[in-house]
Ligand code: GLC
C-alpha cells in the first residue's frame, strides 16, 4: 500500500473507514511501576505480559510503553544510554519479542517512546563527543564556549561545563540529558536507524518525546529574563523554532511513511491554529499532545508549579473545545493523565469531591470527545494523588527542581511542599494497585516508590468484583464508544461555554445527537436540557437536575 494511504481519514469518511488506532483506546504503561515479577521492586516486561488480558478487557488496541531502554534512570528512562536495547531492570530482548507476540495474539500493538531531543550523558555518543573537540562525534551535541541565561526545564542553568572540552553543552532537561544536534545529518540518520530498528521488530507506533525542542535558533543568545533569578526559560527560547517542520518531514519520510503504525508527538505549546501543519496528511504525526487543556493552570508554557493558578472551568472547556475544533478534519489524542501529571481526580476537581464519582465523570468525557482515548495505568481504577511529607521522599527530578526554585523565590518548606504534593509526577508513578496483599500485589520485594496508602480500599481485585466500580465503568464506556458511530466520528459542539459549573457538549451525526454533561461542582445544579434518554451516567437513577459531580450521556 502507498505511504499516503496510511494517513488519517477526515470526518467526511464514515466511522467504518477509521484506522485501527482511531477505533479503540490506547493504554499507557509506566513499566517501572506496573508489575514486578522477580522481586526486584521495579516492574518488568514479564509483568506486562501477565496483564495483557486485563488491558484487553479495557478494549485497548495498543500499549504505549514509556522508555524501557538502558538508562541510568536519572529521569526514569527518559535519559537513554542505548536506543536499541532493553534495560536489564525490565528484562531482555527475548522478553520484548514475547511481549510483541503475546500482544499480537490479543490484537494489541506495542508503541515505543522515542526520546530523540536528548540522550543520556552515559550514551557512548556523548562520551565520545565530550572527549575532545576533534573526535568524530564532536558535533553530535550542542557545544558552546559561552553559556546563555537559559534556565533548564528541571531548574538551574540549561548549560553544563565539561572539563574535557573546556566548553558548555546544552541540556533542555537535566544535566544528564544533553541535547542532540539535529543540524548534523549523521545524528538524524542514527536516530532514524534506531526508530527503524523497532519497526523491524513489529511495533505498532511511536510516541515522540519533547519533539518541539529539537531545532535550536541559529543564533544562540541570551533571552529576556522571565525568571526572578535573571534567567529565561529554555522552553520559551527554543520551542517550535522555525525550520523544525523540515526536520520532522524528513523524519516522517525516513521512518513513518509506508507503515501501518500511528504516531503521536509530545509538543508542548503548539497552537491549535497550527495543528494542521503538524498532524494528518499534510503534517507529520497522526496526533499531537499539545498540552492545551492539561496546562490550563499554567501561564504560557511556564510549568513552574508555584506559579500555577486555580483552574477556571470555562478556560478548561475552551482549551478542550479549541483542540476539538482544530482537529475537526484531523485526529486528536484525548487524555487527562500521563506519567508527568498528577492524578486527574485531584487535578480537575475541587477538594471535597467524591473521587469515584469524579473518576467516572472524567471517564465519560475521555470516551466521548472526538479522538483516541489514552488511559494511563491506574486512572481506570480511580487512583488519586499520593502524599509524601518531605522533599527527600520524592524521586521525581522535576519535583526537586520545582521545590528548589520555590525556596529560592522565598516560599517556606511547608508552602513549597504544598505545590510538590499537588503537582509531583510521583503522584502518577506510585505502583499499580492490583490487590490488598503486600505492596498492593505489585512486588514481593521493596517497591522502588512507596505504594499509595489507600491500596487496601482501591485496587483492581476489589474493582473487578464490584459491578459499579470505576474499572467496570471504564469497560462499559469503552465498549459503548468503540461501537458507536456517533462517538467515534460525530461532530463536536460545545454548549453553554460560559457556564462555570457544568461542561456540556454534543456529538452529532446526521439526525442523531448525544449530549454529554458533567457537573464539576459539589452541589446540585440546574440541567439546562430535558427530554433526552440517559445512555450512561455515574449515578444510577435520574433527576431533572445534576447532583454533585454527576455526569451522563443523553441520547436525543
Ligand atoms: C517528556 C517526558 C517526561 C520527561 C521529559 C524529558 O516530557 O514525558 O517524562 O521527563 O520529556 O525527556
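The slack in the chain from residue 16 to residue 466, taken as 0.36 nm per residue of separation less the alpha-carbon distance, amounts to 158.6 nm.
The simple spin-label model puts a point 7 Å past each Cα toward its Cβ; for residue 161 and residue 104 those points are separated by 5.4 nm.
The angle separating the long axis of helix 470-482 from the principal Cα axis of greatest extent in the chain is about 90 degrees. When each of the peptides 417-430, 533-546, 186-199, 509-522 is scored by how many other beta carbons lie within 10 Å of its residues on average, the order from highest to lowest is 417-430, 509-522, 186-199, 533-546.
Relative to the longest principal axis of the Cα atoms of the chain, helix 313-326 runs at roughly 80 degrees. Fully extending the segment from residue 501 to residue 145, taken as 0.36 nm per residue of separation minus the present Cα-Cα distance, adds 122.7 nm. When DSSP beta bridges are restricted to pairs lying wholly in the chain, around 55% turn out antiparallel.
Over region 436-556, the reciprocal of the mean inverse Cα-Cα separation, the Kirkwood hydrodynamic radius, stands at 16.8 Å.
The relative contact order of the chain, computed from alpha carbon pairs under 8 Å that lie at least 6 residues apart in sequence, is 14 percent.
When the alpha carbon gyration tensor of region 387-429 is reduced to an equivalent ellipsoid, its three semi-axes come out at 16, 10, 8 angstrom, largest first.
Ordering 201, 360 by the number of other Cβ atoms within 10 Å of each residue's own Cβ, fewest first, gives 201, 360.
Specify the angular offset, from 0 to 90 degrees and rounded to the nearest 10, of the alpha carbon long axis of helix 355-368 from the longest principal axis of the alpha carbons in the chain. Result, in degrees: 80.
Ranked by the mean number of other Cβ atoms within 10 Å per residue, highest first, peptides 53-60, 368-375, 161-168 order as 368-375, 53-60, 161-168.
Available extension along the chain between residue 413 and residue 93 is 110.8 nm, counting 0.36 nm per residue and deducting the alpha carbon span. Size check on region 412-451: the Cα extents along the three principal axes, sorted descending, read 38, 15, 14 Å. Cα-based radius of gyration for the chain, normalised by 2.2 N^0.38 Å, reads 0.94. Computed on region 199-250, with alpha-carbon pairs under 8 angstrom and 6+ residues apart, the relative contact order is 38 percent.
Since every read-out is calculated from the coordinates, none of them should be taken as a lab result. Being a predicted model, the structure only gives us computed values, none of them experimental. Because the Cβ atoms are built from the backbone with ideal geometry, glycine has one as well, and the counts that use them run over all protein chains shown.
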